[in-house]
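All remarks here apply to the structure that follows.
The values are calculated or read from the model by the stated rules, or taken from the named source; none is laboratory data. The structure displayed is predicted, hence computed values, not measured ones. Because the Cβ atoms are built from the backbone with ideal geometry, glycine has one as well, and the counts that use them run over all protein chains shown.
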């Protein structure tokens, strides 16, 4: 196997992921998307530099509001397509050029550097697909989460924050619990808080951003909110664990 052929797995993976994600996005849009045309356009954009160069550093572009969520979805989708194609082009063009034009002695180091670049572009594409999926989820679910009880809130931002935070905490408990569960409610609160902080960095939400204050609010939900307690007990490592043990912690006002 030649030096170039050893990198074919990444090239094939980028191609497969690209087609799968275009198909997934086509279902989301409810219309057919010409994958070949997208790839051709991406190659042209990459060749002529007709794209935002900062997407290679994966800036955490944030789009708030109903219309802007869709703008964000399209931005990250197009960026992911370009970076998948960019990874493929490293293999198809750059590596084969090195084999043709450079001596065997020079090839090893050059191809290794190109391989690292190909992996970086592939990883960048994956991050953009993840950001795209997050925005799709928020676009579909955020209005439902907030509107259900918004009339009761009387435009009360604190109430709206509690409704949204409760929904997020429950989703994290159900979908992101460690394999062996949490050792206790305090540890669970700390872990959930860190996950919400990470989510806020990707897409800021109208909830508390200070980590200590957010931990305080998450802890109170696990201790006092019946719907959260129910989900927590079902997911906890030991379902007999009593979240009321958290009452030893002094909480500030909500």
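Has the stretch 174-182 got at least one residue that is on the phi > 0 side of the Ramachandran plot and either modelled with pLDDT of 90 or more or not in a helix (DSSP H, G or I) (or both)?
Let us first name the residues in the stretch 174-182 that are on the phi > 0 side of the Ramachandran plot, namely 181.
Imposing the further condition that a residue be either modelled with pLDDT of 90 or more or not in a helix (DSSP H, G or I) (or both) reduces the set to 181.
Among the residues of the stretch 174-182, at least one is on the phi > 0 side of the Ramachandran plot and either modelled with pLDDT of 90 or more or not in a helix (DSSP H, G or I) (or both), which makes the answer yes.
How do the pairs read when you match residues in the stretch 86-114 that are in the same structural domain as residue 39 (by TED's automatic domain parsing) with residues anywhere that are loosely packed, with under 12 Cβ neighbours inside 10 Å and not in a helix (DSSP H, G or I), using Cβ under 8 Å and keeping only pairs 6 or more apart or on different chains?
Listed pairs, sorted by first residue: 99/2.
Provide a single number: the residues in the stretch 46-84 that are more than 19 Å from residue 133 (Cβ to Cβ), in contact with a helix residue (DSSP H, G or I) (Cβ under 6 Å, 6 or more places away or on another chain) and either modelled with pLDDT under 70 or not in a helix (DSSP H, G or I) (or both).
1
Applying the selection to the stretch 29-45, what residues are surrounded by 10 or more Cβ atoms within 10 Å (Cβ to Cβ), within 29 Å of residue 137 (Cβ to Cβ) and in contact with a helix residue (DSSP H, G or I) (Cβ under 8 Å, 6 or more places away or on another chain)?
33, 35, 38, 39, 42, 45
Taking the stretch 85-106 on its own, how many of its residues are in contact with a helix residue (DSSP H, G or I) (Cβ under 7 Å, 6 or more places away or on another chain), at pLDDT 85 or above, in a helix (DSSP H, G or I) and farther than 25 Å from residue 50 by Cβ?
1
Go through 39, 33 for me and flag whichever is more than 19 Å from residue 134 (Cβ to Cβ) and either without any contact (Cβ under 8 Å) to a residue 24 or more places away in the chain or outside any helix (DSSP H, G or I) (or both).
Working: 39 fails: either without any contact (Cβ under 8 Å) to a residue 24 or more places away in the chain or outside any helix (DSSP H, G or I) (or both).
Only one candidate qualifies: 33.
Would you point out which residue out of 138, 205 is under 21 Å from the mean Cα position of the chain (by Cα), assigned by TED's automatic domain parsing to the domain that holds residue 25 and at pLDDT below 85? Can you show your working first?
Details: 205 fails: assigned by TED's automatic domain parsing to the domain that holds residue 25.
Step by step, each of 138, 205 is checked, and only 138 is under 21 Å from the mean Cα position of the chain (by Cα), assigned by TED's automatic domain parsing to the domain that holds residue 25 and at pLDDT below 85.
Among the candidates 201, 223, 208, which residue alone is surrounded by fewer than 19 Cβ atoms within 10 Å (Cβ to Cβ) and either part of a helix (DSSP H, G or I) or in contact with a helix residue (DSSP H, G or I) (Cβ under 7 Å, 6 or more places away or on another chain) (or both)?
Details: 223 fails: surrounded by fewer than 19 Cβ atoms within 10 Å (Cβ to Cβ); 208 fails: surrounded by fewer than 19 Cβ atoms within 10 Å (Cβ to Cβ).
The unique qualifying residue is 201.
Evaluate the following for residue 167: is it part of a helix (DSSP H, G or I) and either modelled with pLDDT under 75 or not assigned by TED's automatic domain parsing to the domain that holds residue 231 (or both)? So that I can check it myself, show each step before the final result.
On the way: part of a helix (DSSP H, G or I): yes; either modelled with pLDDT under 75 or not assigned by TED's automatic domain parsing to the domain that holds residue 231 (or both): no.
Here the answer is no, as residue 167 does not meet what is asked.
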